[in-house]
Amino acid sequence: MTLEQRIRRAEADLFAVVGAEVDESFLELAATGSRVRLLSCGSGPPLVLLPGVSLSAAAWAPLFNALPGRRLLAIDLPGHGLSEPAGYRRGHVRQYARALTDDIFDALGLEEAPVVGHSLGAMFALWYAAAGGERISQLVAMGEPAVALRGVRVRMPLSLLTVRGLGLAVLGAPTPRRVYRRLLAQGLGRAEVAAAPEPLIDALHLSARRPENARTVNSLMHAIDHFRRPRAESVLTTSELAAIAPPTMFIWGTDAPYLSAEAARPSIDQIPAATLHEVPGAHGPWLVDPQRSAQLIDTHLVQPETVNDCV
């Protein structure tokens, strides 16, 4: 059985555990020349889901049946999950993120839609909105939005990934499941890993073993970060924060490892239509309490009139 077949088998087990019917397809992105995977579930108004660094679209599975009445469109970002790889270059990541966002919306046939982003996905969405992009109608940032806000510290194990050779060696090394689980708990949170369905841990572990994913993540982390701190061009300035127009909700873990909610609040307060909610968890609070996260997302979005058919 190939690695991709093993990933799909783990995901099938995951979707059975959460009780969701999920369709897989691929999007051909014209401007960036990328081919990314889409996991879709449910029906109704669209909601685009962008995962964090080193995670795949399958990480959103615990939310699939917690957000009724919406067509959930979860994207494997380039070099994540089963999408094709990308090579990131310092000084060009923001430009690429904006083109990628427009590309995804074009491929989905959406003029505009709300977005839920975690970590890297949230940072890409915030960068896009700060640059004047108008296709994100509403935004929910789950966990710290990578290094977009002032004060973030890049901690272990992510700091290792910022070093070119070392990061690739760490990412590309065959890692036993128990070791991967410990590393994931360091990066995402102990409560998150304890609460996550076991097939999700398997799917993420297998996805991380794809050589093209390792190369992508290493190039990305080096492009946006120094060893323990973000590169200056990654962090949103005061004027950029003030330019973010979409109503934005931040859902922050009380044990956030990279930036506390208290330390993030001065930046969030500069966004004209932003709210901040603290919930139990660290960097992936939707895994700790999917229902609570879904309730907060629902309060932020216009309520749909249709019912969910994801089950």
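The values are calculated or read from the model by the stated rules, or taken from the named source; none is laboratory data. All values derive from a computational prediction rather than experimental measurement. When we count neighbours, we look across all protein chains shown, and the Cβ atoms used for this are built from the backbone with ideal geometry, even at glycine. Only protein heavy atoms, including side chains, enter the accessible area calculation; ligands, DNA and RNA are left aside. Shrake-Rupley method; radii C 1.70, N 1.55, O 1.52, S 1.80 Å.
Can you confirm whether GLN291 is closer than 28 Å to PRO45 by Cα and without any contact (Cβ under 8 Å) to a residue 12 or more places away in the chain?
Against the criterion (closer than 28 Å to PRO45 by Cα and without any contact (Cβ under 8 Å) to a residue 12 or more places away in the chain), GLN291 does not qualify.
If only one of GLU112, GLU134 is in contact (Cβ under 8 Å) with a residue 40 or more places away in the chain, of a type in the set (D, E, K, R) and over 24 Å from TYR258 (Cβ atoms), which one is it?
GLU134
Which condition does MET156 not pass, out of (1) at pLDDT 65 or above; (2) touching a Gly at 6+ places or on another chain (Cβ under 9 Å); (3) not in a helix (DSSP H, G or I), if it passes all the others?
So the condition that MET156 fails would be (1).
Does PRO114 fit the bill of being crowded, with 16+ Cβ neighbours inside 10 Å, touching a Ser or Thr at 6+ places or on another chain (Cβ under 7 Å), farther than 24 Å from HIS222 by Cβ and not aromatic (Phe, Trp, Tyr)?
yes
Could you grab me the full set of residues in the stretch 249-306 that are in a loop (DSSP other than H, G, I, E, B), touching an Asp or Glu at 6+ places or on another chain (Cβ under 7 Å) and farther than 16 Å from GLY151 by Cβ?
Correct list: THR254, PRO280, GLY281, ALA282, GLY284.
Being open to solvent by less than 30 Å² (accessible area, probe 1.4 Å) and over 19 Å from ALA113 (Cβ atoms) is the requirement here; does LEU296 meet it?
When the stated conditions are applied, LEU296 does not pass them.
What pairs come up if the first residue lies in the stretch 212-235 and is within 26 Å of GLU4 (Cα to Cα), the second is among the charged types (D, E, K, R) and open to solvent by 20 Å² or more (accessible area, probe 1.4 Å), and their beta carbons are under 7 Å apart, counting only those six or more places apart or on different chains?
Sorted first by the residue in the stretch 212-235, then by its partner, the pairs are ASN218/ARG164.
Tell me yes or no: at least one residue of the stretch 231-249 is surrounded by 16 or more Cβ atoms within 10 Å (Cβ to Cβ) and modelled with pLDDT under 95.
The answer is yes; a qualifying residue exists.
If THR101 passes every condition in (1) touching a helix residue (DSSP H, G or I) at 6+ places or on another chain (Cβ under 7 Å); (2) open to solvent by less than 50 Å² (accessible area, probe 1.4 Å); (3) in a loop (DSSP other than H, G, I, E, B); (4) over 17 Å from ALA12 (Cα atoms) but one, which one does it miss?
Looking at each condition in turn, THR101 falls short on (3).
Cβ-Cβ below 8 Å, separation at least six or inter-chain, first residue in the stretch 194-211 and open to solvent by 30 Å² or more (accessible area, probe 1.4 Å), second assigned to a helix (DSSP H, G or I) and among the acidic types (Asp, Glu): which pairs?
Taking only residues 6 or more apart or on different chains, the pairs are ASP202/ASP13.
Six or more apart or on different chains, Cβ atoms under 6 Å: show the pairs whose first residue is in the stretch 70-93 and modelled with pLDDT of 95 or more and whose second is open to solvent by 60 Å² or more (accessible area, probe 1.4 Å) and assigned to a strand (DSSP E or B).
Hits for this filter: GLU84/ARG35.
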